[in-house]
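For reference, the structure is listed below as structure tokens.
The values are calculated or read from the model by the stated rules, or taken from the named source; none is laboratory data. None of these values were measured; they are calculated from a predicted model. As a convention, Cβ positions derive from the backbone with ideal geometry for all residues, glycine included, and neighbour counts pool all protein chains shown.
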Amino acid sequence: MKKQITVAGLAALMALSLAGCGTNNGGGTTPPPTTDTSTSTDTATSSTGYNLQVKDVNGDGIITVGFAQVGAESGWRTANTQSYKDYFVEANGFKLVFADANQDPDKQKQDVRDLIAQGVEVIDLAPVTDSGWEPVLQEAKDAGIPVVISDRQLSVSDDLYLTYFGGDMYAEGQRVTDFLKTYMASNNITTANIVHLQGTIGSTAQIGRSKALTEAAAANNWNIVYEQTGEFTQAKGQEVMESFLQQNKDFNIIYSENDDMTYGAIAALQAAGKDPKSYVIVSFDGNKSAVQMVVDGTIKAIGQCNPLLGPQVGDLIKKSMNGEAIPKITYSQEVLIDSTNAAEQLKTAFGS
Ligand code: GZL
């Protein structure tokens, strides 16, 4: 699905993603400022055999957006949903039809079919997991309804969707594993015994972040002593950590694929009389309370993942309406948050 970027495409994309991330188009709040811009895409949608364009089909001057959301499992998701509800309003030329899959991949496919039947004018899909989507996407295409994929990617043919906007989860994982390697070296930690709390299995957030860890562990001779999904929720993250602690195995690092599971793991450590600060805990997302924990030293680093996607997705939809060539894939600007920048990042961190 990923394509190599042309130089011209990079320039266009950097302008787009800088414009997108820096613009608060009257909806939602401007995403946290970051310095890192990573993108990879093919600039023209037509070259990929996908020729649908967003149109005001019913001529009411409003674009009706059907949003097929993952669920409400985490602080990231809450902020993401709010970003859409804030941005896709009549003042910005939109109407939002919202569907919550409650983290159920099968329900989500039915949600999309329902949105097609309702005749929305564009669908935004944040897929729970990345398999089995071809038939539904083909149905949307046959119905003439463009599909924007946001948040988590899909491993489908480029001619089944208009564009993707969201985080590069593999790159997020590489930032965190690079941090771990440097942190271990500078603190004379020679052994890595890692507890790996995975996100929802089969989501590209889990796939990318887990891939980065698996590769780094192989390259650096790290041991993954426990690996289990916490479904991106605090409750499940705590349950998984409690279950591991009962095994009395040695560990010194926790690699947790989102802040909510990290909160759960920290609660489990504290309940067992262990000091979280005596472990190397790394996380993903960048909720305000997690960034505060980086300032406090409880969490050593966070792979930032920006949930405030509404304005940028809206920007891409508007560009499609205007007949402009939009990138096939655009990645959010994201950084690593550690002790060197946490105080600054805290000023713009999302959520609570
Ligand atoms: C990442 C997003 C993930 C977050 C979790 O883009 O899909 O899902 O990292 C959320 O917090 O549950």
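Quick notes on this one:
- Among the residues listed as Arg209, Arg152, the single one being within 16 Å of the ligand (Cβ to nearest atom), part of a helix (DSSP H, G or I) and in contact with a strand residue (DSSP E or B) (Cβ under 8 Å, 6 or more places away or on another chain): Arg209
- Only one entry in Phe67, Phe88 is surrounded by 20 or more Cβ atoms within 10 Å (Cβ to Cβ) and within 16 Å of the ligand (Cβ to nearest atom), namely Phe67.
- Positions within the range 90-107 being under 19 Å from the mean Cα position of the chain (by Cα) and assigned to a loop (DSSP other than H, G, I, E, B), in sequence order: Ala101, Asn102, Gln103, Asp104
- Number of residues in the range 238-278 that are touching a strand residue (DSSP E or B) at 6+ places or on another chain (Cβ under 6 Å) and surrounded by 15 or more Cβ atoms within 10 Å (Cβ to Cβ) equals 14.
- Matching option when the condition is within 16 Å of the ligand (Cβ to nearest atom) and either aliphatic (A, V, I, L, M) or over 23 Å from Asn80 (Cβ atoms) (or both), among Met169, Met184, Met241: Met169
- The listed residues are Ala68, Ala11, Ala72, and the only one of them that is at pLDDT 50 or above, outside any loop (DSSP other than H, G, I, E, B) and of a type outside the set (S, T, N, Q) turns out to be Ala68.
- So Ala192, is it away from the ligand (no atom under 12 Å from the Cβ) and either surrounded by fewer than 18 Cβ atoms within 10 Å (Cβ to Cβ) or closer than 30 Å to Pro276 by Cβ (or both): yes
- Matching entry among Gly323, Gly273, Gly303 (being of a type outside the set (Val, Ile, Thr) and not in a loop (DSSP other than H, G, I, E, B)): Gly303
- Residue in the range 126-141 that is at pLDDT 95 or above, assigned to a helix (DSSP H, G or I), among the hydroxyl-bearing types (Ser, Thr, Tyr) and farther than 26 Å from Lys55 by Cα present: no
- Conditions (1) more than 16 Å from the ligand (Cβ to nearest atom); (2) closer than 30 Å to Ser83 by Cβ; (3) in contact (Cβ under 8 Å) with a residue 60 or more places away in the chain; number of the one not met by Glu257: (1)
- Number of the condition not met by Ala235 [criteria: (1) surrounded by 18 or more Cβ atoms within 10 Å (Cβ to Cβ); (2) within 14 Å of the ligand (Cβ to nearest atom)]: (1)
- Qualifying position, being within 12 Å of the chain's Cα centre (by Cα) and surrounded by 14 or more Cβ atoms within 10 Å (Cβ to Cβ), among Tyr183, Tyr161, Tyr170: Tyr170
- Conditions (1) under 18 Å from the mean Cα position of the chain (by Cα); (2) over 21 Å from Pro327 (Cα atoms); (3) of a type outside the set (S, T, N, Q); number of the one not met by Pro127: (2)
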